[in-house]
Ligand code: ADP
Ligand code: ASP
Ligand code: MG
């Protein structure tokens, strides 16, 4: 079987959905599962709905209305006949969502987040499935929550691999086209869970693992994995082949083209991952697999903006030793900081973090009780794999370098 993943950018409007169908016609779609994200920026829009639900009830209806309107416009472009049953189906999903907002009693932000956020994917796959059927690409719509089982770690749920494996084997029809949602699963009580932002790539890998698929293809708005994010670097070049190990490193350092959790399940079963352009499906794109070496070999750049550099030193000039370090890490873990870089010396300890969950103030309060704290927000972290002195000089040329760390293959530079 082959697994295809289509991200939000690929289905951001009716044209995107029509293009998805043309990709399927070109590639063939028997023995295929397609995993689809929410359309365009719907997940961000639903995050606004959730925030308003908790903090600003007066704006709640208009935020929700915006999401509904966006999908209705896509529906009108795809289905001329407004009596088509898809209108009612999508409407029912939004009614379900509104009913949840009315009846929910849970004050748990993360739980509520997951009950709401999944509607992006539920609506997108419902629309796309109906569209494909309407042009005679018959398909089987599956609720990912019936297949991917997780724990109750809402917003970043962990997969229960054993149950998931059984459900995948029981529910997926081989020899036909299946369509399901990325990003979501369900907990033991069947409440919706999500796998972390951008998690649809990971969903595709989970299904591939369970199905022993031949390959996973993620269809992107870029020609494949490039040696840098084209939004920040001119002249980014296509990488034809990458080893699993290299791809894991790139994703770990923040190359957002692949979700970092995606590669491990694929590597375990040696399932190749192809990254291809949905605008040019005939082009070869990037192949990530076993025994591949980085081809062409060249420096690869990753930039993470809006990071936070925290430097700690002891209040009394005593050494920062194991005991303090373990305390610091407990706090970083408690406040869910994603650590990008660590550097320590005898009396100081620096860490560059991604403040994804907005817990910086609480963390700093805790740290200040024990350490002298210096915090710089809005720093950028540049990572260069396979660096040369020439490219380091170029990156550093117009920046104030706050911290630098070098290993044999990787250099990381924190700059303002
Ligand atoms: P999806 O629609 O699947 O969610 P994303 O927007 O998450 O797609 O990923 C595609 C984007 O990733 C590209 O538009 C590009 O800006 C960005 N990107 C970051 N790093 C890279 C890289 N190394 N190669 C290609 N694209 C990259
Ligand atoms: N729709 C989700 C997000 O935007 C998951 C994904 O696109 O991968 O984060
Ligand atoms: Mg994405």
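The values are calculated or read from the model by the stated rules, or taken from the named source; none is laboratory data. Because the structure is predicted, anything quoted here is derived from the model rather than measured. With ideal geometry, Cβ positions are generated from the backbone for all residues, glycine too; neighbour counts draw on all protein chains shown.
A few points about this structure:
- Test: residue 115 is more than 16 Å from ligand 3 (Cβ to nearest atom), within 25 Å of the chain's Cα centre (by Cα), closer than 26 Å to residue 156 by Cα and not in a loop (DSSP other than H, G, I, E, B): yes
- When residues of the stretch 1-39 are limited to those that are outside any helix (DSSP H, G or I) and out of contact with any strand residue (DSSP E or B) (no Cβ under 8 Å at 6 or more places or on another chain), the one surrounded by the fewest Cβ atoms within 10 Å (Cβ to Cβ): 28
- Counted residues, the stretch 392-401 - those being outside any loop (DSSP other than H, G, I, E, B) and surrounded by fewer than 17 Cβ atoms within 10 Å (Cβ to Cβ): 4
- Among the residues listed as 126, 217, 164, the single one being surrounded by 16 or more Cβ atoms within 10 Å (Cβ to Cβ), within 16 Å of ligand 2 (Cβ to nearest atom) and more than 18 Å from the chain's Cα centre (by Cα): 126
- Residue 204 vs. criteria assigned to a loop (DSSP other than H, G, I, E, B) and either touching a strand residue (DSSP E or B) at 6+ places or on another chain (Cβ under 8 Å) or within 15 Å of ligand 1 (Cβ to nearest atom) (or both): no
- Boolean, residue 145 is surrounded by 16 or more Cβ atoms within 10 Å (Cβ to Cβ), in a loop (DSSP other than H, G, I, E, B) and touching a residue at least 40 places away in the same chain (Cβ under 8 Å): no
- Options 60, 75, 46; residue that is part of a helix (DSSP H, G or I), under 25 Å from residue 21 (Cα atoms) and touching a residue at least 12 places away in the same chain (Cβ under 8 Å): 75
- The residues on offer are 307, 389, and the sole one that is surrounded by 13 or more Cβ atoms within 10 Å (Cβ to Cβ) and closer than 30 Å to residue 237 by Cα is 307.
- Test: residue in the stretch 182-192 that is modelled with pLDDT of 95 or more, away from ligand 2 (no atom under 11 Å from the Cβ) and closer than 22 Å to residue 269 by Cβ: yes
- One residue alone among 374, 378 is surrounded by 12 or more Cβ atoms within 10 Å (Cβ to Cβ) and in a strand (DSSP E or B), and that residue is 374.
- Strands (runs of 3 or more DSSP E) contained in the stretch 240-294 and holding at least 1 residues under 25 Å from residue 24 (Cβ atoms) and more than 16 Å from ligand 3 (Cβ to nearest atom): 273-277, 286-289
- Within the stretch 168-184, the residues that satisfy the criterion of being buried (at least 17 other Cβ atoms within 10 Å of the Cβ) and more than 21 Å from residue 261 (Cα to Cα) are 172, 177, 178, 179.
- Hey, residue 255 crowded, with 19+ Cβ neighbours inside 10 Å, within 16 Å of ligand 2 (Cβ to nearest atom) and under 25 Å from residue 340 (Cα atoms) or not: yes
- Considering the stretch 185-196, the residues that are in a strand (DSSP E or B) and away from ligand 3 (no atom under 14 Å from the Cβ) include one that is nearest to residue 141 (Cα to Cα), namely 185.
- Scanning the stretch 253-261 turns up no residue that is more than 25 Å from residue 42 (Cβ to Cβ) and either without any contact (Cβ under 8 Å) to a residue 12 or more places away in the chain or in contact with a helix residue (DSSP H, G or I) (Cβ under 7 Å, 6 or more places away or on another chain) (or both).
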